[in-house]
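Any read-out appearing in this document is the output of simple, stated calculations on the displayed coordinates, not a laboratory observation. Quantities reported herein were computed from a predicted structural model and do not represent experimental measurements. Cβ placement follows ideal geometry from the backbone for every residue including glycine, while neighbour counts extend to all protein chains displayed.
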Amino acid sequence: MIRINENYLKLQSSYLFVEIANRVKAYQQNNPQAEIIRLGIGDVTRALPSACIQAFQKGVQEMASDATFRGYGPEQGYNFLRDKIAVNDYQVRGADIHSDEIFVSDGSKCDSGNIQELFAGDIRLAIPDPVYPVYLDTNVMAGRTGEFIDGRYDNIFYLDSLPENGFVPDLPPEPADLIYLCFPNNPTGATISREMLQSWVDYARANKALILFDAAYEAFIRDQTLPRSIFEIEGAREVAIEFRSFSKTAGFTGTRCAFTVVPKTCMAYDRKGQKHSLHALWNRRHSTKFNGVSYPVQKAAEAVYSDEGKVQVRELIDYYLTNAALIRQQMAALGFEFVGGENSPYIWVNCKSDAWEFFDLLLKKAGVVTTPGSGFGKCGRGFIRISSFNSLENVEKAMARIRETLGPHFSG
Ligand code: MLT
């Protein structure tokens, strides 16, 4: 008898963004005239930078001739891309990261979901609430959690991110082994200061713990005082792994390219307390289960670091940040409290009511899709996330409709 992994039965019935897509589809089927504006899932809407397109096309062209054709590439990524990442994303910012510590992949969602395979089943997990659902769900699948009771799994140490702590979780009062952090944060859009991040690194060092740092949104940081990588923090090379992506930076959500940084000095332990290199383990996993990102896509990603690419990427991010500023301004005018949208594409709005009800109100009355905060955890129950990834025209239209639906007499 073929049996299932029963840990899957502990999961919520569908992945958050699938659930939202289903609700929107059902609404559209019943209201075919309704024009929907999507400020829900963080999916980019603007074309790839022209520098990337040119490099992409050139890469495809090389595949058209036997002399320049390429088959399997290195699983870890081509050096032409890894070298550029090491210099431009790390070394110029004083972070001591080398190209052979970079693993190119097809997405941060996959990497941040797969990485937990390296760790024991009975480690103590510290996971923020609200949180990008992938960190939690992949640990549920692996059997590291108990049952789901009143919005939370047993055996997880939840790190509450609330207005009281500026949406930056406090250090756990008890030792944790594996800690997930994401800044600029998805979903709240909050950022972490250098000092706070230093305190997390110090905590990890003191507890022989590991921080999984998701920096997929670092390109949105405009405040120069904020860290863009955990490796700008002293001591992080021993206790952190970082995830980065070209998805939100350069519009690669459909093209797929990302990378994970595992420093060679980053260690974890076996049950006897012997040290093991996580770089070696991840390399083993990556080369066993992954065959590399396609050559033309890596050429397109490399172009992000060209002079024109840098200008074009900055312009893309500025575009979405202008949308974010508009969302902030409109939500403030309607009297809502929120965080994010300054160094991040997401605005986390206290909707003063049940998140799914508010989501339904905006969908049905304004034709605007947002993301209900409760989908990211218990602490998100009274919040919605508004994404700035859309055209300025659509964001203006969406905000006008929200104004009409909610203001000026809306009291929540
Ligand atoms: C989000 O909306 O949270 C993200 O786009 C989802 C993802 O990156 O997988």
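Worth pointing out:
- Rel. contact order, % - alpha carbon contacts under 8 angstrom, at least six apart, the stretch 174-240: 40 percent
- Kirkwood Rh, Cα atoms: Rg over Rh of the chain: 0.96
- A DSSP coil position with no more than 12 other Cβ atoms inside 10 Å describes the following GluC sites (Glu not before Pro) in the stretch 6-91: 35.
- Gyration tensor verdict on the stretch 181-239 (Cα atoms; rounded if a/c is under 1.5, prolate if a/b is larger than b/c, oblate otherwise): prolate
- Computed Rg/Rh of the stretch 1-114, alpha carbon atoms with Kirkwood Rh: 1.10
- Cα-based Rg of the stretch 309-412 normalised by 2.2 N^0.38 Å, two decimals: 1.06
- When only the Cβ of Lys, Arg, Asp and Glu is charged (+1, +1, -1, -1), the dipole of the chain relative to its Cα centre reaches about 600 debye.
- The chain, relative contact order [Cα under 8 Å, separation at least 6], %: 23 percent
- For the stretch 345-388, alpha-carbon Rg and Dmax in angstrom: 9.4, 26
- Highest-MSF residue in the chain out of 136, 171, 212 [GNM, Cα springs under 10 Å]: 171
- DSSP bridge pairs, the chain: antiparallel proportion in percent, nearest 5: 55 percent
- Overall size of the stretch 183-303 from C-alpha positions, given as principal axis extents largest first: 44, 39, 22 Å.
- Taking 315, 393, 147 as the candidate residues, the one with maximal mean-square fluctuation in a Gaussian network model of the chain, Cα springs under 10 Å, is 393.
- For the stretch 82-183, pairs of C-alpha atoms spaced more than 16 angstrom apart make up 65 percent of the total.
- Cα point-scatterer Debye curve for the stretch 109-151, base-10 log of I(q)/I(0) at q = 0.32 Å⁻¹: -1.42
- Alpha-carbon Rg with Dmax, taken over the stretch 155-205, Å: 10.8, 30
- Semi-axes of the equivalent ellipsoid for the stretch 209-271, Cα gyration tensor, largest first, Å: 24, 16, 7
- Ranking of 270, 150, 214 by count of other Cβ atoms within 10 Å, fewest first: 150, 270, 214
- Length added when fully stretched, residue 53-residue 271, from 0.36 nm per residue minus Cα-Cα: 73.6 nm
- Result for the chain in a Gaussian network model with C-alpha springs under 10 Å: among 99, 199, 65, the largest mean-square fluctuation is at 65.
- Average silhouette area of the stretch 136-227, convex hull of alpha-carbon atoms, in square nanometres: 6.8 nm²
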